[in-house]
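Visitor: One structure is given below, represented as structure tokens, and several questions about it will come after.
No lab work stands behind these numbers, since they all come straight from the coordinates. Remember, predicted model here, so these are calculated numbers, not experimental data. All Cβ positions, glycine included, derive from the backbone under ideal geometry; neighbour counts span all protein chains shown.
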Amino acid sequence: MSANIKRLKARIRSVDSTLHLTKAMQLVAAGKIRKATEQLSNSRKYCESMRTVISALAGSRDCADSIYVTGPKDDGGKTVLIVIAGDRGLAGGYNANAFRLADGVAADEIIPIGRRSVDRVQGHAPEKKSALGGGTTEHFKPEDSKALAVSLCERYLAGEIKRIQIVSTAYVTIMTQTAVLSTLLPLSECVLPESRRMGFREMKAQDTEEKPEGARFMEFEPNAAEVLGIAIPEYLSAIIFGLVRESFASEIAARRVAMDAATKNGIVMKDNLSLEYNRARQGAITQEITEIVAGAGR
Amino acid sequence: MTEFDLKISTPAGDAFSGKAVSLSVRGTEGALGILAGHVPFVTVLKPADCHFILPDNTQKDFACGTGLLLVEKDLVTVLSSEITMK
């Protein structure tokens, strides 16, 4: 009996210390979530404006033959996949969902962002790991995404890369986050359908034909192709930064929910163990009294 | 209509959002000024010291890196990852 009490006491202590950890992580996540969602909404506004410009450019006649819209002519380039995951674990299925989605993509080169992502690529496909990327999602700065975007654009223009894709986690609500695969380049696979949906048309000075109703017209200075060439690194940088911010907010939200559930389960487990411990202790005392009484009666 | 909505946006958030009377920036073709009612257009911005005039006639200066200027019907947006308000 006393061995059982000792075992229960050790388990209660162990559950208690785990509870301290999950409670602390829940509080840290709750503290960070406001800032993370604020940063997310700021970067979302910037990304939306960028997407409007690129949609207008991609739909214009001047850019129809651009390498950014159609992709490189020869098919020898690599498919590059950027995988954004968390810096730490204990965030429910957050990291696993992103990795599961990334595993389904036939990529020739992987650029990991976030410590877990770096570890995963190093462990599972070190031959595919790019020298770019790395670092943490929490401290990812606009300068980091700019450097990455410029380097990717240079290689894309040189024909080294034929497609750039990115795995990130979309923040829907604090309870719901979804791993998403999106294409950044060529624009024909991502932005062009959007551009047509938004009804963008390029405006030309010599245009005399009647403008279709509902179409949005835009002028480009000096011309659409030149603007697109300069705008693409800015666009990629904005989208990558925006998705890192979104994934970070998702990670924090997932961790908060996971730690909340873990804390609740821990409390229930501790209560059950305490009940069992008290019963065992009471049983031992009752047995001792019975033995003493029985001994005294002889 | 002499005023327009101006938004100076960076990935970290809006550096300015409000009404303005005019905006002066440097595009690839040289310095340009935007007033209310400008035709919708897009141009690339070059790094330069820029400014805008508020409806109360005060001038606000800002430094802008490479970026984009998006002029829509009622809204003018300056997009750059490097913007410092002075």
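Visitor: Residues in the range B:41-82 that are assigned to a loop (DSSP other than H, G, I, E, B) and either buried (at least 16 other Cβ atoms within 10 Å of the Cβ) or hydrophobic (A, V, I, L, M, F, W, C) (or both): how many?
Guide: 6
Here's the yes/no breakdown for (1) of a type in the set (S, T, N, Q); (2) out of contact with any Lys or Arg (no Cβ under 9 Å at 6 or more places or on another chain):
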{"site": "A:R7", "(1), (2)": "no, yes"}
{"site": "A:A10", "(1), (2)": "no, yes"}
{"site": "A:V15", "(1), (2)": "no, no"}
{"site": "A:I54", "(1), (2)": "no, yes"}
{"site": "A:S66", "(1), (2)": "yes, yes"}
{"site": "A:T70", "(1), (2)": "yes, yes"}
{"site": "A:G76", "(1), (2)": "no, no"}
{"site": "A:I82", "(1), (2)": "no, yes"}
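Visitor: Still on this model: For B:L54, all conditions in the list (1) away from chain A (no Cβ under 14 Å); (2) touching a Leu at 6+ places or on another chain (Cβ under 7 Å) hold save one; what is the number of the exception?
Guide: Exception for B:L54: condition (2).
Visitor: Go through (1) closer than 28 Å to A:G242 by Cβ; (2) in contact (Cβ under 8 Å) with a residue 24 or more places away in the chain; (3) aliphatic (A, V, I, L, M) one by one and return the number of the condition B:A63 breaks.
Guide: That leaves (2) as the condition not met.
Visitor: Hey, another quick one. How many residues, within the range B:1-51, are aliphatic (A, V, I, L, M) and more than 25 Å from A:R245 (Cβ to Cβ)?
Guide: 12
Visitor: Next up: Please find, within the range B:1-15, the residue that is farthest from A:E38 (Cα to Cα) out of those that are among the hydrophobic types (A, V, I, L, M, F, W, C) and within 13 Å of chain A (Cβ to nearest Cβ).
Guide: B:L6
Visitor: Another question, if that's okay. Among the residues of the range A:159-181, count how many are touching a strand residue (DSSP E or B) at 6+ places or on another chain (Cβ under 7 Å), over 12 Å from A:A249 (Cβ atoms) and not in a strand (DSSP E or B).
Guide: Total satisfying the criteria: 1.
Visitor: Right, here's the next one. Going by the conditions given, is A:R120 closer than 20 Å to A:R88 by Cα and in a helix (DSSP H, G or I)?
Guide: yes
Visitor: If you don't mind, another one. Of all residues in the range A:82-94, count the ones that are surrounded by fewer than 24 Cβ atoms within 10 Å (Cβ to Cβ) and among the aliphatic types (A, V, I, L, M).
Guide: Count: 1.
Visitor: Another question, then. Is it true that some residue in the range A:154-167 is buried (at least 22 other Cβ atoms within 10 Å of the Cβ), over 24 Å from A:E189 (Cα atoms) and either more than 14 Å from chain B (Cβ to nearest Cβ) or acidic (D, E) (or both)?
Guide: There is no residue in the range A:154-167 that is buried (at least 22 other Cβ atoms within 10 Å of the Cβ), over 24 Å from A:E189 (Cα atoms) and either more than 14 Å from chain B (Cβ to nearest Cβ) or acidic (D, E) (or both).
Visitor: Among the residues of the range A:95-131 satisfying the criterion of being more than 14 Å from the chain's Cα centre (by Cα) and surrounded by 18 or more Cβ atoms within 10 Å (Cβ to Cβ), which is nearest to A:M175 (Cα to Cα)?
Guide: Taking the candidates together, the pick is A:R120.
Visitor: Continuing with the same structure: Would you confirm whether any residue within the range A:126-144 is within 30 Å of A:R256 (Cβ to Cβ), in a strand (DSSP E or B) and in contact with a Lys or Arg (Cβ under 9 Å, 6 or more places away or on another chain)?
Guide: no
Visitor: Going through the range A:54-73 one residue at a time, which ones are surrounded by 24 or more Cβ atoms within 10 Å (Cβ to Cβ), of a type outside the set (S, T, N, Q) and within 14 Å of another protein chain (Cβ to nearest Cβ)?
Guide: A:I54, A:A56, A:L57, A:A58, A:G59, A:C63, listed by residue number.
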